[in-house]
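The values are calculated or read from the model by the stated rules, or taken from the named source; none is laboratory data. Remember, predicted model here, so these are calculated numbers, not experimental data. Neighbour counts are summed over all protein chains in view; Cβ atoms, including those assigned to glycine, are modelled from backbone coordinates with ideal geometry. Areas reflect the complete protein model, heavy atoms only, side chains present, ligands, DNA and RNA absent. Shrake-Rupley method; radii C 1.70, N 1.55, O 1.52, S 1.80 Å.
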Amino acid sequence: MKKILLILLPFVFLNAYSQFGPQRIITLESGTVNSAYTVDIDGDGDKDIVTSCRSGDFNVGWLENLDGKGNFGPPHTIVNNLFGQSYSVYAADLDGDGDVDILTTAYSLDRVIWYENLDGLGNFSSQNVISGNADGAFSVIAADLDGDGDNDIISASEFSGLAWHENIDGQGDFSFRKIIDDNIISSRSVVAADMDGDGDLDIVANGLAPNTVRIFWYENLDGLGNFGPLRVIRDFTVYANVIFVADADGDGDMDVFSASPGDHEVAWHENIDGLGNFGPKKIITDSLLDAWVVSAADLDNDGDIDVLATSVETFGGEVVWFENIDGAGTYGAKQTISTEVQSPRSVMAADIDNDGDMDVVGSSQNDNKIAWYENYTIIGVGENQNNTFKIYPNPVKDFLNIANSTGINIKTTTLYDALGRELFKKESEVSQLSFVTYASGIYFLKLKTNTEEHLFKVIKE
């Protein structure tokens, strides 16, 4: 989505910030949806959605981004016979043919499974079983653990711990289970990352190890997938549900984020020396009700890593973010993206509309919904950068004028407040908007033509 921004102010904004628009529903047909993953399935250059569900018409499916601007088609079913127990989905090129295949788990069947993208357009093969004895298979990812240039498989299981499978020939023929650690239980989140700066991929995970709730990592000792013993990152009094790895403090090494629903906490853990030795827990929030999932990305285009999280309630919850204020891991107060969710179980950042900033995609289990939220990021915008339309006066006191001397047809005029709530919408051109009843603050005006969307920041005095 192309955005052209105009701010008629006598100065330039030097600070970047991120503001998310209202919910845009991708589908309401994902029954008891557990996860949503963004990836280009059909090779057309934009981000589609892959999802796993525990009920409904499909267990694993994908949704096409039809125009690269975030308008999605109906679900394409990949599989619907996993007995309603697909908790995880991941996408990667597993057979070396240049397109993206799909990985998932089948909890009750103890299976780790992949589906080949047969034509690069999103037509998938039948089930290829990687493992049939991952007891309570929960989470699965792909990464090159042995440094041979292809994607291997790593899985976390409820009752049989962590294991990996070597991609033997680079074409999707996988080895037997190679045990990383089978002395842990309830392992539900796994990440591959270089935790000690030696150039190979280590493993970070969560679980009971063996009777203590922990997050921990294993060193890839030789770059070939031979792993050392468990190294504790942090012990918890309650379960750390989801982990995520990113550089929180900008020092070039990988830190670890965690979400703990039992104590309503989102936190990060500093890799203090770049070698995988971790400092004390740093709490981002301890008041996010049933904090379920955490992920991280640069949401405000200022070059550092911000944090996304969800709060889970049976018939409610939130999708929220926290700004990395100083680039060194000092996080600001909770900023709500949406409360129009029921038990949101996944959230991630991706550029859905191809405008250069990171939007947010989330799935919520109890309303069968996948939705995305457009990022209205403004950075370093000066005056008179766009001559297509003019808005004035800005700042505005009573009435905002919208001048169109181009002859371009404005199809929709929409005004949002700073929380992304829609205040005004008309399916036509508007020459003047009343701000008389609005409080002082920041607003966003969107003008939609046949081919573009033009976004303006408006300040009410």
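Each of [x] 68, 47, 40; [y] 73, 53, 43; [z] 71, 63, 42 is a candidate for Cα extents along the principal axes in Å; the one calculated from this structure is [x].
Taking the Cα centre of the chain as origin, work out the dipole magnitude from +1 charges on Lys and Arg Cβ and -1 charges on Asp and Glu Cβ, in debye rounded to 20.
Values: 28 positive and 74 negative charges, 495 e Å.
With Lys and Arg at +1 and Asp and Glu at -1, about 2380 debye.
Size of region 385-460 from its Cα atoms: along the principal axes, largest to smallest, the extents are 32, 22, 20 Å. Summarised in one figure, the compactness ratio Rg/Rh of region 26-171, Cα atoms and Kirkwood Rh, is 0.96. Database remark: amide H of Phe72 closer than 5 angstrom to the amide H of Leu66 (H placed geometrically; neighbours at sequence offset of 5 or more, or on other chains; Pro and chain starts carry no H). Placing +1 on each Lys and Arg Cβ and -1 on each Asp and Glu Cβ, with no other charges, gives region 385-460 a dipole about its Cα centre of roughly 100 debye.
Using a probe radius of 1.4 Å on heavy atoms only, what accessible surface per residue do you get for the chain? Whole Å² is fine. Walk me through the numbers on the way to the answer.
Numbers: 17610 Å² over 461 residues.
For the chain, the solvent-accessible area averages 38 Å² per residue.
Tally up the carbon and sulfur contribution to the accessible surface of region 385-460 as a whole percent, 1.4 Å probe, everything protein left in place. Don't jump to the answer; show the numbers that get you there.
Numbers: 1840 of 3760 Å².
Reported share for carbon and sulfur atoms: 49 percent.
Residue-wise HN-Hα couplings along region 451-461, as the Karplus relation 6.51 cos²θ - 1.76 cosθ + 1.60 with θ = phi - 60° gives them from phi, are 10, 9, 10, 10, 10, 10, 8, 10, 10, 8, 5 Hz; Gly and Pro carry x.
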